[in-house]
Each structure stands twice: as structure tokens, then as C-alpha cells.
1. As I understand it, the dipole of the range 100-191 uses +1 on the Cβ of Lys and Arg and -1 on the Cβ of Asp and Glu, about the Cα centre. Which of VAL133, ILE156, VAL144 lies farthest toward its positive end?
2. How large is ³J(HN,Hα) for each residue in the range 196-213, as worked out from phi by the Karplus curve 6.51 cos²θ - 1.76 cosθ + 1.60 (θ = phi - 60°), to whole Hz, x for Gly and Pro?
3. About its Cα centre, what dipole magnitude does the range 100-191 give when the only charges are +1 on Lys and Arg Cβ and -1 on Asp and Glu Cβ, stated in debye to the nearest 20?
4. Test of understanding: ordering THR194, THR269 by Cβ neighbours within 10 Å, fewest first, what list do you get?
5. Compute the Rg/Rh shape ratio of the range 13-96: radius of gyration over Kirkwood radius, all on alpha-carbon atoms.
6. Using all Cα-Cα distances in the range 100-191, what percent lands in each 10 angstrom bin from 0 up to the longest?
7. Based only on the alpha carbon positions, what is the Kirkwood hydrodynamic radius of the range 214-284, in angstrom?
8. Once phi is turned into ³J(HN,Hα) by the Karplus curve 6.51 cos²θ - 1.76 cosθ + 1.60 with θ = phi - 60°, what whole-Hz value does each residue of the range 177-186 show in order, with x for glycine and proline?
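A short reminder: the numbers here are calculations on the coordinates, not readings from a lab. The structure displayed is predicted, hence computed values, not measured ones. FYI the Cβ positions are ideal-geometry reconstructions off the backbone, even for glycines, and counts take in every protein chain you see.
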Amino acid sequence: MKIILAKHIGFCKGVNRCISLVEQEIKNKNKVYALGELLHNQQEMLRLESLGVKVIKDIKELNGLKDITLIIRTHGIEKELYQKLLSQDEIKIVDGTCPIVRKNQIIVEEYSKNGFNVIIYGDIDHPEIKALVSYVSPERKKYVISSLEDIQKIDISPFEPVILISQTTKPVNEYKKICALLKTKFKNIKVFNTICKETILREQEIENLSKKVDMVIIIGGKNSANTKKLVSIAKKYNDNVVSISCEKDVENLKIEKDETVGVFSGASTPKWLIQKIVERINNDTK
């Protein structure tokens, strides 16, 4: 058996930055809290919790607490909630929002204030999109679309100013199709290329390598949107694609000794987990 590890693997820069911020706060012996999962990877969240990070679901859980650090997740949070947290002097806010995600929030806020309606290509229930939508000026129309078919639901005059922006981890080819169609629909549309370059590189790599291997293994959290997207792309070029989230999942893999296996990961998958899984695969296939 031969294993080929993807070049673009492990944390993306945004996730790596957030984890570094958390680890620095832990190193400084601060009491660290996280508002929801910082990233979509259960194994890494368990590691952080073992180091002392406490995950809360609602800021009400912070009532009465002082001298604590609250980490904002990589996907960002709603504008109103963020402003409310900043007003609480007894809490130190450390913003782990991915810089690219934050840039998109600024774009949406500024353009909607200046009269532009907003169309977002993304998953309406994804934390990044929930946060992004909150930055649209209430006077403007806003739509979240996830497919070409959703464009029919957009009720904006062809002559009204519009911006188009994408969730940072969406498939770039699908975004191009949506851009092309919306440009025929609206006379005054400004398109922003907001898909993360790291996402594009991972898409290209999995597309190329999936054609050359017998089996594709994608390591990522079960709730990770970018992991699901990589699985979808790989299945277009390879009939033997498996998604796993932890070392135990290796037990269910069926790998022949003469096969070549390509290993990829979602952007929230830590390298330590990838290493453990690869070692387990090697040991189990001897």
C-alpha cells in the first residue's frame, strides 16, 4: 500500500490563527471560554477542553463571571452579539474570526450602508453566513442562495445596485456559474471573489489526485462544510471515497495491500490527528 498525503492539509491559516490565540491565553493562565465550537472538529475541541477551555452555548452562562477570556469562533458571530460582548468590561474578548471572514463582514456592512442590496452564496444555517447576514443594513434587501435555482427567488429590480459575495469555503466553479447568471440579470452588480485561496487550492488538488489513486480518504469533522465539499468533488473522479473523523473510524476501512491511497483533510482538521490516522492505516494494512 502506498499513501499519498495532500500538500494542502491540516488547518487553514484562519483556523491556525484562532488556535494559536487560544493556546496563548491558556499559556498565560487565563480562564478561557469559547462561545460555541471554535471550529468544526470534535477531536480538536476535545483537546482544547482538556487544556481548560470551557465551551458555552449562550452568553448568559457568563453572568457573574469576572476576569475571563472569551474567544470568538473562526466563523465569527452576529454583529449585535459582538457589540454586546465588547461592552462588558469584566470580559476580555479575543477575536478568533478568520481575517477573510471578517473582511467579508466589512464589505457587506459598507456596501449595504451605501445603497447596495446583498446576495450571498452560502449555506443559510452555517455560522459564517448567520454572522455575515447580520452585517447587512436593515434598509437593504438580502438573499442567501445555495444553488442556481435559488436565483429565481430573488426579488430585486434589475436596475437596483447589488453586490454578490460568497461563503469562504463554497465550490469555486459553482460560484462562477452563479456570477455569470446574475450578471445577466442585474445591470449594476459588483462581484467579490471571497472564496478563500486555500479552499481553491484544496479543491484543485483533490480533483487532480482523485483521478490517480485507488482510494480517497478525507479526514474532517462531521459538521465541516468544507470537508463535505471535498467529498463531493472527489466522488466525481473516484468511486472509492471515504470520509472519516477520528482514529477509530480506520477500523471500518477496507484497503488492499497493493492500493494507492490519497489522504486529504478539511480546513479544521489538525495535523496531529492526521498523523495518528495515517499511522493507524499503515499499521492495520501491514
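1. Ranked along the dipole, the leading option is ILE156.
2. Along the range 196-213, the couplings run 4, 4, 4, 4, 5, 4, 5, 4, 4, 5, 5, 5, 5, 6, 4, 6, 10, 10 Hz.
3. Numbers: 15 positive and 11 negative charges, 64 e Å.
So the dipole magnitude of the range 100-191 works out to roughly 300 debye.
4. Values: THR194 22, THR269 29.
Taking fewest neighbouring Cβ atoms as first place, the list is THR194, THR269.
5. Numbers: Rg = 11.9 Å, Rh = 12.9 Å.
Dividing the radius of gyration by the Kirkwood radius yields 0.93.
6. Pair shares across the bins are 17, 55, 27, 0.
7. On the way: mean 1/r = 0.0817 Å⁻¹.
Hydrodynamic radius (Kirkwood, Cα only) of the range 214-284 equals 12.2 Å.
8. 5, 5, 4, 4, 5, 5, 5, 7, 8, 10
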